[in-house]
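Have a look at the structure below, then the notes.
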Amino acid sequence: MATVAFFPEGAYGPTNNCVGIGDVLRSRGHRVVFIVEESFAGTLEAQGFEERLMRLGPPPETEEVPGQFWKDYVAENAPVFRRPTIEQIEGFMAPTYAALVDGSMYVEERLVEIISELEPDVVVEDNVVSFPALLTSGRPWVRIVSCNPLELPDAELPPAYSGLPSGDRSEWDAFRAEYRRAMSEVHSRFEDFCRGRGAPPLPELEFTHPSAWLNIYGYPDEADYSRARPLGPTWHNVQASIRGTEGGWERLPEGDGPLVYLSLGSLGSADVELMRRLIGVLGESDLRVIVSTGPRSDELELAPNMTGEEFLPQTAVLPHVDVVITHGGNNTVVESLHAGKPMILLPLFWDQHDNAQRMHEAGFGVRLSTYEHSPEELLGAIERLRGDAALKRRLEDCSRRLRSFGGAARAASLIEQVAGAPAA
């Protein structure tokens, strides 16, 4: 039996991704421990995992809820999401990375303590910044990338976080130049910290190190990018790592109209104005709608043709629906493809723009202007996607392949190999 320590970023997307893999490892008899922020205390324990708690900053004066810092941060920065992606670099990306870097610095000593106490056979981390305590622990570690694969740079692909099309390079250089200008200072500060703690230099303008043992990402081949520079032998694409820990969902809206799922993620749904607008448009249609209302659900009123809750078992909801309206978060995009569902994408920040563009150009969905689309555009896109028989066949084929591939089990087997344990 191996001891596997998972260390996901303090948001539901990376955490849920790790839960799916951790559940497979636990079923094979391994000890699985989650290193999580104090605001998540009890969340993983309730799912049967051990927890070790840490903080990425000083404790607040009031009691936290899971991921509260980032929910508040997103709500405060909502006006920035209305700007073009090139303007989001300085307005959102740079201060966000600065906050993440500060968190890595703050938690360093606590991570050293946790790893020393657990003596894990392998640490599995899913974060967008490095943590020198992992690199210098002397223990094998695995990097998971649960963002769009453009996070792994390639000169022949669009720049990450830009949402720019693959077939039009006209704006690539300007975006890269602005990214370099806005991000160089925080990158230099973080590299000094990493090297001061004994970690290797960071890759140019990247905030994470690749693992020398194993690096995992999950993006279906049907939508993945063709690279000019292949990823190295330690990189493995597990296609879709879908968690099997969620229960069923039978609270479908009454009626027999087409069924739509609306989810802007645990962070995106903090934009109450946007959520109210979408609920208003969908509420006046003949559609049935399941709504993931998010952390500010008490500020939302659902229409009679809707049902929903603050948190939904998404992987259980998706098989029921006809169309998904999503912010373009990586988990929702991959889970929708796994379930064979077309998407309408309304990106807000980070890699959501890249996922939205990729689904649009791959023909698996429609990207709309998040804040400027008309009700007619939204409802028309739902009708077109729902009635596209050729797309339905493509998605069914994709779903069938992904389900037979078993990405979470493959990821677990790769991690077992690093831990020195035999694969089941």
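Subtracting the Cα-Cα distance of A212 and E376 from 0.36 nm times their residue separation leaves 54.0 nm of extension gain.
Restricting the calculation to Cα atoms, the stretch 259-404 shows an Rg/Rh of 0.93 when the hydrodynamic-style radius is the Kirkwood one.
Under the convention that each Lys and Arg Cβ holds +1 and each Asp and Glu Cβ holds -1, the size of the dipole of the stretch 335-424 around its Cα centre is about 480 debye. Here the chain is assigned +1 on the Cβ of each Lys and Arg and -1 on the Cβ of each Asp and Glu. Its dipole about the Cα centre then comes out at about 1280 debye. Counting only Cβ charges, +1 for Lys and Arg and -1 for Asp and Glu, the dipole size of the stretch 259-404 around its Cα centre is about 720 debye.
Remark: T62, T3 ranked as T62, T3, counting other beta-carbon atoms within 10 Å and listing the fewest first. For Kirkwood radius over Cα pairs in Å, the value computed from the atomic coordinates appears in the list [x] 26.0; [y] 23.0; [z] 22.0 under label [z]. Across the chain, Cα pairs under 8 Å and at least six residues apart give a relative contact order of 17 percent. Compute log10 of I(q)/I(0) for the stretch 223-289 with the Debye formula, placing one identical point scatterer on every Cα and leaving out solvent, at q = 0.13 Å⁻¹, to two decimals. Each listed q maps to, in turn, -0.69.
Within 10 Å of each residue's Cβ, count the other Cβ atoms and sort H373, H353, H320 from fewest upward.
The fewest-first ordering by Cβ neighbours comes to H320, H373, H353.
The mean sequence distance of close C-alpha pairs (under 8 Å, at least 6 residues apart), as a share of the length of the stretch 259-404, puts its relative contact order at 21 percent.
Estimated from helices alone, the mean residue ellipticity of the chain at 222 nm is -12000 deg cm²/dmol (sum of -39500 (n - 2.57) over DSSP H runs with n ≥ 4, per residue).
Each reported figure results from applying straightforward, stated rules to the coordinates on display, with no laboratory input. Just so it is clear, the model here is predicted, and its values are computed rather than measured. For neighbour counting, all protein chains shown are included, and Cβ atoms are generated from backbone atoms with ideal geometry for every residue, glycine included.
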